[in-house]
Amino acid sequence: MVNADMIVREATERLARIARIVAPPVLRVALAIPFFKSGLLKWDGFLSLSASASYLFEDEFKLHLFGQAYDFPFPAAIAYLDGLAEIVLPLLLIAGLATRFSALLLLVMTGVIQLVVPEGWANFHLPWAALAIAIIALGPGALSFDHLVANFCRPLQLERGRS
């Protein structure tokens, strides 16, 4: 007679193995989508920042610190970097390339966004931060370019170690 406890344990372990494969890419895509969609709105063409993106950083967006609102330093440069980051970092995340670094930078961006839009913490910033932290903790997963690169470099490191 098969033990019910053993069946449950085996099913749980199988589910965990599947989740370890599926979770990282799902987390990466979930974090990438809102940033990528926002980034698309900031460009009029290849490396041509939209006037509305520049306007937002120059006149609308303020950093809320210690009960005061402050202008962004170098708003044109910040707008350009933000627009670039909102395209490049999500693409890297989806590909699973430089995954932890990309997630960390999006976590930092989320922190800055929190300072600009403090009321957005519960609906947007907290879930984004949780996704970024989960990606940093779990890593890119097996379905990623980071995993492929690591597997490719591992034999090379072993050969060098033998020499």
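We did not get these values from a lab; they are worked out from the coordinates using the rules stated. The structure presented is a predicted model; accordingly, all values stated were derived computationally and were not measured. Please note: Cβ atoms are built from the backbone with ideal geometry, for glycine as well, and neighbour counts cover all protein chains shown.
For the reader, a short list of remarks on this structure follows.
- Amide H contacts of residue 43 (H built 1.01 Å from N, under 5 Å, at least 5 apart or other chain): 50
- Taking Lys and Arg as +1 and Asp and Glu as -1, the other residues whose beta-carbon sits under 13 Å from that of residue 99 total +1.
- Other residues within the sphere of radius under 9 Å centred on the Cβ of residue 86, judged by their own Cβ, net out at +1 (K and R +1, D and E -1).
- Nitroxide proxy distance, nm - points 7 Å out along Cα→Cβ at residue 116 and residue 62: 1.5 nm
- ³J(HN,Hα), Karplus 6.51/-1.76/1.60, whole Hz, each residue of the range 94-107, x for Gly, Pro: 4, 6, x, 10, 6, 4, 5, 5, 4, 5, 4, 5, 5, 5
- The convex hull drawn around the Cα atoms of the range 77-160, when projected onto a plane and averaged over every direction, covers 6.8 nm².
- Cβ charges +1 (Lys, Arg) and -1 (Asp, Glu), total dipole of the chain, debye: 840 debye
- Computed over the chain, the alpha-carbon pair-distance distribution with 10 angstrom bins reads 10, 29, 27, 17, 11, 5, 1, 0, each value a whole percent.
- Top of 152, 124, 72 by mean-square fluctuation, Gaussian network on the chain, Cα under 10 Å: 152
- Ratio of the Cα radius of gyration of the range 79-123 to 2.2 N^0.38 Å, where N counts its residues: 1.21
- Within a Gaussian network of the chain (alpha carbon springs, distance under 10 Å), most fluctuating of 105, 126, 65: 65
- Relative counts (whole %) of C-alpha pair distances in the range 1-81, using bins that are 10 Å wide: 15, 24, 20, 14, 12, 10, 5, 0
- 13 Å beta-carbon shell around residue 13, net charge (K/R +1, D/E -1): +2
- Calculated [θ] (222 nm, deg cm²/dmol) that DSSP helices of n ≥ 4 give over the chain, each run adding -39,500 (n - 2.57): -23500 deg cm²/dmol
- Förster-model FRET efficiency, 30 Å R0, residue 78 and residue 133, C-beta, rounded to 0.05: 0.80
- Relative contact order computed over the range 1-114 (Cα-Cα under 8 Å; 6+ residues apart), in percent: 26 percent
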